[in-house]
1. Send over the semi-axes of the range 15-75's equivalent ellipsoid, whole angstrom and largest first, taken as the square roots of 5 times the C-alpha gyration tensor eigenvalues.
2. Measure off 7 Å from each Cα along the Cα-to-Cβ vector at Leu24 and Leu63, then give the distance between these two points in nanometres to one decimal.
3. For Gly22, what charge total do you get from the other residues with a beta carbon under 11 Å from its beta carbon, if Lys and Arg give +1 and Asp and Glu give -1?
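Each reported figure results from applying straightforward, stated rules to the coordinates on display, with no laboratory input. Everything numeric in this text was worked out from a predicted model, so none of it was measured. Because the Cβ atoms are built from the backbone with ideal geometry, glycine has one as well, and the counts that use them run over all protein chains shown.
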Amino acid sequence: MTKEPDNTGRVARLFDVRRVIGGLFVIYGVIVTLLGIFDSPAEIDKAQGVRINLWMGIAMLVLGLLMLLWLKLSPPDAASRPENEETREE
């Protein structure tokens with residue numbers, strides 16, 4: 001019997017919640033920040049002089065980058081992976 005490579009660790013890292021949430025917040029943060037940079041004076045007046053899109057976009061970027069940094073500094077454990085079929089049979 002040949003042993004197939006164990007991809008569960010790679011799959012666990014790929015679908016880690018921190019990666020998904022961080023990636024989405026970074027993407028949305030870039031979009032909202034760009035909207036905030038190019039806000040018209042009418043949109044700024046509507047928000048009572050606050051560039052809310054700019055500030056919320058920056059906050060979303062920071063949150064997303066912190067989530068990705070957390071993932072980088074604390075990757076998922078190999079011990080938290082479920083056992084594969086061969087280990088259960090032994």
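1. On the way: eigenvalues 169, 15, 9 Å².
Ellipsoid half-lengths, sorted descending, are 29, 9, 7 Å.
2. Each label point is offset 7 Å from its Cα along the Cβ direction, giving 1.1 nm.
3. Details: positive: Arg18, Arg19, Lys72; negative: Asp16.
Residues close to Gly22 contribute a combined charge of +2.
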